[in-house]
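Here the structure is laid out as structure tokens; the discussion comes afterwards.
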Amino acid sequence: MPKAYVFTAHGAPEVESFADLPRPAPGPGQLLVAVHAAGVNPADWKRRDGMMAPGGPPEQFPVVFGREAAGVVEETGAGVAGFAPGDAVFGNPDTGSFARVHDNFVGD
């Protein structure tokens, strides 16, 4: 089970913790990325504090931190074109990037 750094409610740093979450599966048009680097961004604490774009959907807690990531595609969801497992990618994931999927991960 992946370990992730999450917030469990809107609020101060006290709502942050590590959590064991199910391994995500990419849905239609999505990628599952093995993250090699994740950025710390003001959007993370703003989102934790409850600052959201007007009209956006309500948060589904726990929310994984990490609004910037770079890594390698592990799986593609249905309908994905232009990406394949093994491709290097970077971007702003909707579901966060501060998570470890593999227990045998060895970092640089």
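Things to note:
- Residue within the range 58-73 that is without any contact (Cβ under 8 Å) to a residue 12 or more places away in the chain and either more than 14 Å from Ala99 (Cα to Cα) or crowded, with 16+ Cβ neighbours inside 10 Å (or both) present: yes
- Hits in the range 18-44 (condition: in contact (Cβ under 8 Å) with a residue 24 or more places away in the chain and either touching a helix residue (DSSP H, G or I) at 6+ places or on another chain (Cβ under 7 Å) or not aliphatic (A, V, I, L, M) (or both)): Arg23, Pro24, Pro26, Gly27, Pro28, Gly29, Gln30, His36, Gly39, Asn41
Each reported figure results from applying straightforward, stated rules to the coordinates on display, with no laboratory input. Given the structure is predicted, the values throughout are model-derived calculations rather than measurements. So basically every Cβ, Gly included, is an ideal-geometry build from the backbone, and we count neighbours across all protein chains shown.
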